[in-house]
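Supplied in structure tokens, the structure appears directly below.
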Ligand code: RB5
């Protein structure tokens, strides 16, 4: 069973249980890393928690909720190995998996209602990375993340079969 980690700040706190129930209903195991009350806190803490849980490979994918999905998404993206997408509609969420191999999804409780949020999550979980020509860009992102300019250039100019379209 695939494992999903979810976190939110105080603004995303009310939407979070709705999403947890929905994700469980789709057959995933879900771990809630907080926040556990509506008391004011920082989205950075929970973006980091979700990001680290996914980067550690203890969880397959992560979901992060704040007011807009922006702050918590930026925080998650600071964790090495995380490709977090902040999405307010399902099309971008789906493509973020297919093309960008996103491993964390962020959205905002002040932007999307519960039903749209569920649709975004459903499309995202259902989509798979397409690889092929998209893989080169992911490898370039990883090289940049590791500040490895030599590898970036090597990947950029490679015509390896690994990067052929599919
Ligand atoms: C909290 O007021 C708010 O800034 C936060 O939930 C989020 O929207 C930040 O990006």
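A short reminder: the numbers here are calculations on the coordinates, not readings from a lab. Computed from a predicted model, the values in this text were never measured in an experiment. Reconstructed Cβ throughout: ideal geometry from the backbone, glycine too, with neighbour counts over all protein chains shown.
Can you pull out the strands (runs of 3 or more DSSP E) entirely within region 1-115 that have at least 3 residues that are within 16 Å of the ligand (Cβ to nearest atom) and in contact with a strand residue (DSSP E or B) (Cβ under 7 Å, 6 or more places away or on another chain)? Break it down into steps so the answer makes sense when it comes.
On the way: elements: 3-8, 29-32, 61-66, 84-86, 104-108.
By residue number, 3-8, 61-66, 84-86, 104-108.
Quick check on my filter: what residues within region 7-18 are closer than 11 Å to residue 63 by Cα and in contact with a helix residue (DSSP H, G or I) (Cβ under 6 Å, 6 or more places away or on another chain)?
7, 8, listed by residue number.
Give the residues of region 30-53 that are out of contact with any helix residue (DSSP H, G or I) (no Cβ under 8 Å at 6 or more places or on another chain) and in contact (Cβ under 8 Å) with a residue 40 or more places away in the chain, sorted by residue number.
49, 53
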